[in-house]
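A short worksheet on the structure shown next.
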Amino acid sequence: ASKRTARLQLSNMKGRTVNMKRIFSALCIIIALAFLLGSCGYNDYRSKISKALGIDIPSGAPMKSIDTHGGFNGDGATWVSVGFTSGKNPIEQIKNNSDWKQLPLDEVAEFLAHDLKIQLDKGEASLMPDVENGYYIVIDRHSQKNENDDILGRASYNFTIAIYDTDANILYYCEFDT
């Protein structure tokens, strides 16, 4: 009876070793996937901006970003600036897209770009810098935009505004949600 007990204990130990190996392998895969998804995905502004604005942003373009979205309703602003080299700028794509308009900003765009403020660590700031030469686009993302065409007459704002500075080859992009 003692030989049989020893064999059962040995097979149980082997079974546990195999199970531990499976658990360890599964954990390694999960950790590897977490690093992979974290490095290529959730904060990828480049593809989000390209899709929203209808322009290609090359992968090497230097970017700066600030995101104040948070809380239950996701209110806040996402602000991104993208620098372009003269050979890889999106100016032809912008000129060929009828949604983009040449500066100066119209009255609504002026209000959205310069009169609305976001709260940053260093104080308040306008959504967009002053740009003399370039193009801009305003995209109304509000759920009630079909009911009321006056973006300024609403109690809340959900819009995207972008300005492309042709002198500096910089795209300024902002998503604003209240």
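Nothing in this text is a laboratory measurement; each read-out follows from the coordinates by a stated rule. All of these numbers come straight from a predicted model, not from anything done at the bench. No Cβ is skipped: glycine too gets one built from the backbone with ideal geometry, and neighbour counts run over all protein chains shown.
By per-residue mean of other Cβ atoms within 10 Å, what is the highest-first order of 75-86, 94-105? Write out the running numbers ahead of the final one.
Working: 75-86: 17.6, 94-105: 14.2.
The packing order, highest mean first, is 75-86, 94-105.
Shown for the stretch 44-140 is the translational diffusion coefficient from the Stokes-Einstein equation, using the Kirkwood radius over Cα pairs, a temperature of 20 °C and a viscosity of 1.002 mPa s: 143 µm²/s.
Cα-based values for the stretch 90-140, radius of gyration first and Dmax second, are 12.6, 38 Å.
What shape does the stretch 60-99 have by the C-alpha gyration tensor, where a ≥ b ≥ c are the square roots of the eigenvalues, rounded means a/c under 1.5, and otherwise prolate means a/b greater than b/c and oblate the rest? Oblate.
Would you mind checking K48/K88; K95/K122; K64/K95; K48/K101 for any pair whose Cα atoms are more than 30 angstrom apart?
Violating the 30 Å limit, Cα to Cα: K95/K122.
Annotation: aspartates and glutamates with alpha-carbon distance below 18 angstrom to K21 (same-chain offsets under eight excluded): none found.
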